[in-house]
Amino acid sequence: MAGAADDGAALKFSQELVHLKDDRTGSELGIGCKVTRTVTLKNNLERSVRAQLVVRDTQLGPGLLQVIGPRGRFDLLNDQTIKVRFTYETQHHGDQSMFIDASFDSFSRPAASLEVFARPEPAMLEGPEEVDFGAVPTGAMSLRQVTLSLPRLPQGQGPCKVNVAFLGQSGDSSFLVERAMSGKLHTLMPGRKLTFRVMFRPMGADESERLAILRFASNAFDGEKQVVLSGRAVRR
Amino acid sequence: MQVLRTSFRTGLGSALLASLLLAGVSFSRAVGQEEPPRIRFSVDRIELVDDTSGGPLRIGCKVTRSVALTSQHNRSLKVDLRVRNAQIGPGFLHVLNPRGQFDLLDEQSLTVRFAFVTQKHGPQSMFIDAFVGGELRPTATLEVFANPDPAQVEAPDEVDFGFVNPGSAAVRQRLTLRLPEAPAGQGPCRLRLRVEGPAGDANFALEGVPDDGFVTLAPGPAQRVTLLVVFRVPEPFDRAEKQAVVTLSGDGLDAPRQVLLKGRLLVDPISFDPPAQLFFSQYELSFARTRVGAESTRTLVVRNNTNKPLTVIVRYQLGVQPPPSVEAPFFGLPANESSFELPARGTRSFDVVFRPPGPRGLGYRLESGWYAGPGAITFTPLTFFGEGFVETGPVRQRGQ
């Protein structure tokens, strides 16, 4: 470490932490938003080094944080400063930290680390909590449309796009969700709707209330979004 | 000892001690002994509170904090940070940066950043130990303390199926869970749900629980998780009430919660009170022996055991006693072939009067059929029975 500058770091980012926020409003990012930022990296050594930037994801999956440039190994001259440009895409809500580590020459340990931090708010799907088919004669069929959407909020206040997965249905088998929903991952943007049809066809003489639950998961919130289906059979 | 204490309280004592220490350090350097590594965190203990409110954390919160780690050593040290969790399981406290072994230069100050996720309520301490080189004991330790409040889960005390119709294989009811109090920063609460009962889960089951058996309950008055409780209808003639409990447990709760499940097979959509039930669907209302010319009254309560309104039609038939030509001496009942409405789970009362006619004492039996509908029309028989007697005076002896 001979020749290191007074501040002790061979390489140094212009800041240790970048808290990503919306460009226009300054508010926290939404889900599925992609932002690009630039910081600088300085060589504090009194000699040229061959540096490298590596993305380190501590808790998240790969591919969210990407260094646009410089990529691969690059030369950083004595006292030189270089711009480091990166993109980050939020894919779920809550605190998330990733790092860009800068190392040089043959040192495997990073000489400097930049934390990229985001705190997207959760966003719930808007849609009915329950769809009641009412009284339907035994053997007859009743159709309803169920629509899910994302709240339309000012840019930066809400999600950019979220993924919605239909997890399946539980309960009475008199209810049937259209085939197109099953097992699919749907992308939803604010203002756009996800509409699907549900059929209720009660069989048997039992006149008690029939119930089923549709379950949806998303990267925008914890737990599940549920739609309860209810209906009653009546004799023809 | 007293003299020593006194001297240490004085400036002279302190100066003497400092001189001795300095002399020791100089001596150890002179003979080439290694100076013990000197690094320290900017604080010894950090208590985690909610970022927004400044209040205690809630279950499921994730907070990120930074402290400084400073070297006061006169040369570069190789340091690594390890998390030590004294009371709770791993995975709650993560050192985000720096990770692995790193160099801490002479007089250098480095930012240590860590994240903590609350998954249990109550006081909890974890530690970040800074180890230098091959040292076996940590050179510096940071205590990370949190005391999250337990989650306030809202659940019903019971799910009562009442009487279920024998015509169906299974019936369902909603079980809704909420976490209505949502202070800023509160995260979701994970709950495990389990059905326990004398017959295991033979009579009741839960539907809508994720495959891993855990339900994630997001905080907020508008948030809820709805599950379906399935009551498998018992076999015919199995009239006993079935019971089980759903137990909700999780690190976020201060104690497991239980929701009672109960239900029984519906045999009679209506039942009568107070008559004794003789056998399945056989009821009898008996009056005490009543003197001819007097009357006896009993209140008959007709009860709707179902969760839907019923129309009840009553039909009468005189029993074998007395002969059919004699009018029944029971009054206050609905007229023959008349009907009345019973709301769901509702009751209707009749003050039934037994007035035995003269001139002789006899037993009277009135049989009635109570037809409840709509839907599956069922028939519930009820028999009224009363006995009249003639009061006689004392027998006069011949010749008296």
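The values are calculated or read from the model by the stated rules, or taken from the named source; none is laboratory data. All of these numbers come straight from a predicted model, not from anything done at the bench. Glycine gets a Cβ as well: all are built from the backbone with ideal geometry, and neighbour counts include every protein chain shown. What goes into the accessible areas is simple: the full protein's heavy atoms, side chains included, and nothing from ligands, DNA or RNA. Shrake-Rupley method; radii C 1.70, N 1.55, O 1.52, S 1.80 Å.
Among the numbered criteria (1) within 11 Å of chain B (Cβ to nearest Cβ); (2) in a strand (DSSP E or B), which single criterion is violated by A:Glu207?
(2)
Inspect all residues belonging to segment A:78-100 and state whether any of them is charged (D, E, K, R), crowded, with 16+ Cβ neighbours inside 10 Å and not in a strand (DSSP E or B).
Yes.
Is it true that some residue in segment A:152-159 is more than 11 Å from every other protein chain (Cβ to nearest Cβ), within 18 Å of B:Thr226 (Cα to Cα) and out of contact with any helix residue (DSSP H, G or I) (no Cβ under 8 Å at 6 or more places or on another chain)? Reasoning before the result, please.
Of segment A:152-159, the ones more than 11 Å from every other protein chain (Cβ to nearest Cβ) are A:152-159.
Checking which are within 18 Å of B:Thr226 (Cα to Cα) leaves us with none.
The answer is no; no qualifying residue exists.
For segment A:141-164, give me the residue count where each residue is more than 18 Å from A:Thr187 (Cα to Cα) and either at pLDDT 90 or above or acidic (Asp, Glu) (or both).
Final tally of qualifying residues: 5.
Taking the residues in segment B:109-150 that are open to solvent by less than 10 Å² (accessible area, probe 1.4 Å) and within 14 Å of another protein chain (Cβ to nearest Cβ) as candidates, determine which candidate is farthest from B:Cys189 (Cα to Cα).
Per the stated criteria, the residue is B:Val112.
How many residues, within segment B:216-247, are of a type in the set (Asp, Glu) and modelled with pLDDT of 75 or more? Full working, then the answer.
Step one: list which residues in segment B:216-247 are of a type in the set (Asp, Glu), which gives B:235, B:238, B:241.
Next, only the ones that are modelled with pLDDT of 75 or more stay: B:241.
So the count comes out to 1.
Given the criteria at pLDDT 85 or above and of a type in the set (Asp, Glu), does A:Glu129 qualify? So that I can check it myself, show each step before the final result.
On the way: at pLDDT 85 or above: yes; of a type in the set (Asp, Glu): yes.
The answer is yes for A:Glu129.
Tell me which residues, restricted to segment A:101-121, are assigned to a loop (DSSP other than H, G, I, E, B), within 12 Å of chain B (Cβ to nearest Cβ), farther than 30 Å from A:Leu45 by Cα and open to solvent by less than 80 Å² (accessible area, probe 1.4 Å). Walk me through it before giving the result.
So the first thing to find is which residues in segment A:101-121 are assigned to a loop (DSSP other than H, G, I, E, B), and the list is A:105-111, A:119-121.
So of that shortlist, the ones also within 12 Å of chain B (Cβ to nearest Cβ) come out as A:107-111, A:119, A:121.
With the extra rule that they be farther than 30 Å from A:Leu45 by Cα, the set shrinks to A:119, A:121.
Answer for segment A:101-121, where residues must be assigned to a loop (DSSP other than H, G, I, E, B), within 12 Å of chain B (Cβ to nearest Cβ), farther than 30 Å from A:Leu45 by Cα and open to solvent by less than 80 Å² (accessible area, probe 1.4 Å): just A:Arg119.
Does B:Asn74 qualify as being open to solvent by 30 Å² or more (accessible area, probe 1.4 Å), over 28 Å from A:Phe104 (Cα atoms) and either touching a helix residue (DSSP H, G or I) at 6+ places or on another chain (Cβ under 7 Å) or at pLDDT below 85 (or both)? Please lay out each step first, then the result.
Values: open to solvent by 30 Å² or more (accessible area, probe 1.4 Å): yes; over 28 Å from A:Phe104 (Cα atoms): no; either touching a helix residue (DSSP H, G or I) at 6+ places or on another chain (Cβ under 7 Å) or at pLDDT below 85 (or both): yes.
The answer is no for B:Asn74.
Considering each residue of segment B:347-387, count those that are outside any strand (DSSP E or B) and within 15 Å of B:Asp268 (Cβ to Cβ), and give that number.
So the first thing to find is which residues in segment B:347-387 are outside any strand (DSSP E or B), and the list is B:355-362, B:374-377.
Next, from what is left, pick out any that are within 15 Å of B:Asp268 (Cβ to Cβ): B:375-377.
The qualifying residues number 3.
For B:Glu327, are the conditions met, namely being open to solvent by 70 Å² or more (accessible area, probe 1.4 Å) and at pLDDT 80 or above?
Working: open to solvent by 70 Å² or more (accessible area, probe 1.4 Å): yes; at pLDDT 80 or above: no.
So B:Glu327 does not fit the description; no.
Among the residues of segment B:220-237, count how many are more than 14 Å from chain A (Cβ to nearest Cβ) and either touching a His at 6+ places or on another chain (Cβ under 6 Å) or open to solvent by 50 Å² or more (accessible area, probe 1.4 Å) (or both). Reasoning before the result, please.
Initial filter on segment B:220-237 (more than 14 Å from chain A (Cβ to nearest Cβ)): B:234-237.
From the residues that got through so far, the ones that are either touching a His at 6+ places or on another chain (Cβ under 6 Å) or open to solvent by 50 Å² or more (accessible area, probe 1.4 Å) (or both) too are B:235-237.
So the count comes out to 3.
Taking the residues in segment B:172-194 that are open to solvent by 30 Å² or more (accessible area, probe 1.4 Å) and modelled with pLDDT of 85 or more as candidates, determine which candidate is nearest to the other protein chains (Cβ to nearest Cβ).
If we filter segment B:172-194 for residues that are open to solvent by 30 Å² or more (accessible area, probe 1.4 Å), which is where we start, we get B:172-174, B:176, B:178, B:180-185, B:188, B:190, B:192, B:194.
From the residues that got through so far, the ones that are modelled with pLDDT of 85 or more too are B:172-174, B:176, B:178, B:192, B:194.
Numbers: B:Arg172: 4, B:Gln173: 7, B:Arg174: 7, B:Thr176: 9, B:Arg178: 12, B:Arg192: 14, B:Arg194: 17 Å.
Checked segment B:172-194; the qualifying residue nearest to the other protein chains (Cβ to nearest Cβ) is B:Arg172.
Output the residue which, of all residues in segment A:210-220 that are touching a residue at least 60 places away in the same chain (Cβ under 8 Å) and open to solvent by 10 Å² or more (accessible area, probe 1.4 Å), is farthest from the other protein chains (Cβ to nearest Cβ).
Restricting to residues being touching a residue at least 60 places away in the same chain (Cβ under 8 Å) and open to solvent by 10 Å² or more (accessible area, probe 1.4 Å), the top hit is A:Asn219.
Quick one: how many residues across segment B:350-370 are surrounded by 12 or more Cβ atoms within 10 Å (Cβ to Cβ) and closer than 22 Å to B:Pro274 by Cβ? Steps first, answer last, please.
First, the residues of segment B:350-370 that are surrounded by 12 or more Cβ atoms within 10 Å (Cβ to Cβ): B:350, B:352-357, B:361-370.
Filter once more, so that each one left must be closer than 22 Å to B:Pro274 by Cβ: B:350, B:352-356, B:363-370.
The total comes to 14.
Can you tell me how many residues in segment B:204-219 are more than 10 Å from every other protein chain (Cβ to nearest Cβ), open to solvent by less than 30 Å² (accessible area, probe 1.4 Å) and assigned to a loop (DSSP other than H, G, I, E, B)?
Looking only at that region, the number is 1.
Please work out if A:Glu129 is within 9 Å of another protein chain (Cβ to nearest Cβ), open to solvent by less than 40 Å² (accessible area, probe 1.4 Å) and within 32 Å of the chain's Cα centre (by Cα).
Values: within 9 Å of another protein chain (Cβ to nearest Cβ): yes; open to solvent by less than 40 Å² (accessible area, probe 1.4 Å): no; within 32 Å of the chain's Cα centre (by Cα): yes.
It is false that A:Glu129 is within 9 Å of another protein chain (Cβ to nearest Cβ), open to solvent by less than 40 Å² (accessible area, probe 1.4 Å) and within 32 Å of the chain's Cα centre (by Cα).
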